[in-house]
């Protein structure tokens, strides 16, 4: 009989009863006593745990009235009548049931958590023992440690984190984040929970229960927690996100959460002077690269060692079995391998044949916790595995059945969101113990592949919990990042750590056997046959079998372009193989297969939609656009060119279409590939044009560019098929790229003159745009060049184009309009265009042409607005890259013009005289309040962007606001200006000089 949480806390003397997990009732005291007095469960359970709103004494008295006394055990947990959270002033405010019910994705650390509750001392001892043995901490652990004045040992990094949180609270951003990297077993999760517990009375602290769950739901609940009670009581949420299953956060899940938080802040119209949420993002990382700002390692400082020694003395005095506290003892011993060896010594010798089932469970857990730290098996699954014949009620406990192995394990229950888990978990006491056990097993002859296949053999995907299935798949296919020797950037490993170790410690055939077994166990999963295909072509050079398994993966998920990429990679590597016969027809045969595979991948990528756009339930969703099909095509073209040229030099002219000689094609018996050869150059030009815009306008992240080999292969393809210099100057994006690789003024002048001639003899918009851009680029290198056109001359060209295509132009056209017509705050007498409309048209044009390809990528600012005049006020982005990083948002730049602006309804407007032009914030989290601001202006292919947004001090706002209103009215009627000048005097002159800058 389990007494559960009340349905309605407002119903006094009512309690929600859950009988065997099936029936939920709300009962009064009398009804509750009658149920227990007459039920069979009453006789069987002489000790009952209660969860209720009224006192235990009242229950005892009522039971005596009914004529029967029940021995009531000390209460496990008593439901609080209300929970509290702090407001921004530090006062605790209560929350009603309906508010708490909306926070199902969050485990909130309430301000009054456990306070005033009658907690069973035995439960406290049990939870403390579990934790010291190696179980994850529970909030009850922190409460009891604080109450009993026996606090947790704080690692040195604790102070850094708390100071950083305080610093983030002072920054004018609605959303901030802190990345905490931690090595497995170093106590990273405990540290993060300690921070939340200690700040629960200052901030609204919560942990995301499942970091892989819907980020939209999480974001809504975070905003709900921030707004809880009313707008006057808003307070910052400190959100702990524990990425248990990833070593490195590639940003997709985190960026999705951030985007959804920003959207919810806008929708809720939140205007606050403090951050809405600070995200404490915990990431497991096995090896340190030196780039991590905060990383908790498996090594103690001198001060930490002293603190752990003192704690060890305290723990040993209170617990008789403290020698079994491996989780604590390993840390106290500074992660000593000697301790690990001694703790696992009694496992020797291990049986290799006819191993008992408890030994098999030990091997399963050792494998899982070594390669996926933090993973676990459930008690129910283990009991079923140990003894499938006996009914669960007649079985010995799991601890007894595990025998001596239980000393190295920890069995625990979890509590999330205040609810106790229905099934207990079991795992190794520490990842280092898991590593040692695995080593002892392999040393005794129980190989990694044996253990993995044995585990797979006892899995039934239809009945096993999805969590366990996900962990098993992670062991087989998750490729982690590592830093190769003598390299700066981290790279993905070719295979998972488990597969890498089996390959090195056993043999490659065992890897194949494991993959094949897994592919059979999970018949619908496409990623396992994909991984097997990769293993065949990378490690075994068996391209036929690799292609077979790659096609199997495609059959399982045909609408996934990333799955299709593997087949193209198989053929591409076969083409590069030295074993391929050096005959033209063989080269073109495999090349054709590779081209086809990559083209099909590219076509599939075109159909994939970004999250939130799916309508039919069939179309595949992809956060980013998969460009690997286009790039693979270019790589195959490079290889074909190289290989055919080595067969006969004449092939290079055929591929460049410099000759239409069919004799070579037929003499090499390649007639069936004639259509491919005829269209190859055109297809390559299309691919190269795609990459010109793709790589010039965007990059993966603000602080991350594409791998170096991508640009190398693209340039190589230019040189083979087209001639790099000629093509780079034939497109808008190509012209922009000339600033990076052409430094000669004479070369730039020649390019500008060429485009002038083309423009004079052409009526196309693109040629006119390229001519204007050529002038802008030349002005960056030579402001006094004689061939430069003036701004009014270039504006005239754009004015004519605007009249023809103002609503249907390309993003490049609108970019030029913004660059040349951006107001300087002075009243215009010449060419003028409606820049408000221009910004709107540009965004729509971007969505129509580039949104699909550049989604979730960082848009690079192409130019900034400087302090100069004419074309010299446009500054190329390479001069100010330091302005782009979030931590440099307070940076100053003498070369850039700071613009007055205003924030209204979470939108940013640039104020230039009477013009109010909407611009996008570079960091949307910096837009949190309706106020006057200033910022730098940059221009991306999507439109104008505000960088380094700063809020104007309150003392200046009143003057600025009314001064601006007066000036705007004055500009409408010229004669009023003369009348107003004596009244506003120097203020007006000061404002005018500011706008002229």
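Worth pointing out:
- Only a single criterion out of (1) more than 34 Å from the chain's Cα centre (by Cα); (2) in a helix (DSSP H, G or I); (3) closer than 23 Å to residue 592 by Cβ is not satisfied by residue 636, namely (1).
- Condition check for residue 514: assigned to a helix (DSSP H, G or I) and touching a residue at least 40 places away in the same chain (Cβ under 8 Å): yes
- Of residues in segment 84-118 being modelled with pLDDT under 90 and touching a helix residue (DSSP H, G or I) at 6+ places or on another chain (Cβ under 8 Å), the one nearest to residue 192 (Cα to Cα): 88
- All conditions in (1) part of a helix (DSSP H, G or I); (2) assigned by TED's automatic domain parsing to the domain that holds residue 629 hold for residue 562, with the sole exception of (2).
- Within segment 582-620, the set of residues being closer than 15 Å to residue 563 by Cβ and either at pLDDT below 80 or under 26 Å from the mean Cα position of the chain (by Cα) (or both) comprises 601, 602, 604, 605, 607, 608, 619, 620.
- Evaluating residue 146 against the criteria (1) buried (at least 21 other Cβ atoms within 10 Å of the Cβ); (2) in contact (Cβ under 8 Å) with a residue 40 or more places away in the chain; (3) in a helix (DSSP H, G or I); (4) over 26 Å from the mean Cα position of the chain (by Cα) leaves one unmet condition, (1).
- Only one of 884, 896, 854, 865 that is modelled with pLDDT of 95 or more, touching a helix residue (DSSP H, G or I) at 6+ places or on another chain (Cβ under 9 Å) and under 17 Å from residue 922 (Cα atoms): 854
- Close Cβ contacts (under 8 Å, 6 or more residues apart or on different chains) running from residues in segment 392-415 that are modelled with pLDDT under 90 to residues that are surrounded by 15 or more Cβ atoms within 10 Å (Cβ to Cβ) and assigned to a helix (DSSP H, G or I) comprise 392/383; 395/383; 395/386; 395/401; 415/139; 415/140.
- Scanning segment 818-832 for residues that are crowded, with 18+ Cβ neighbours inside 10 Å and either out of contact with any strand residue (DSSP E or B) (no Cβ under 9 Å at 6 or more places or on another chain) or modelled with pLDDT of 95 or more (or both) yields 818, 819, 820, 821.
- Residue in segment 720-730 that is closer than 30 Å to residue 491 by Cβ and under 33 Å from the mean Cα position of the chain (by Cα) present: no
- Check on residue 820, in contact with a helix residue (DSSP H, G or I) (Cβ under 8 Å, 6 or more places away or on another chain), under 30 Å from residue 743 (Cβ atoms) and touching a residue at least 60 places away in the same chain (Cβ under 8 Å): no
- Among the candidates 832, 743, residue that is closer than 30 Å to residue 921 by Cβ, in a loop (DSSP other than H, G, I, E, B) and free of Cβ contacts under 8 Å to residues at least 60 places away in the same chain: 832
- Leading residue by the ranking (farthest from the chain's Cα centre (by Cα)) among those in segment 500-528 that are surrounded by 19 or more Cβ atoms within 10 Å (Cβ to Cβ) and within 27 Å of residue 706 (Cβ to Cβ): 526
The values are calculated or read from the model by the stated rules, or taken from the named source; none is laboratory data. Treat the numbers as computed from the prediction; the structure is a model and nothing was measured. Cβ atoms come from the backbone with ideal geometry, glycine included; neighbour counts cover every protein chain shown.
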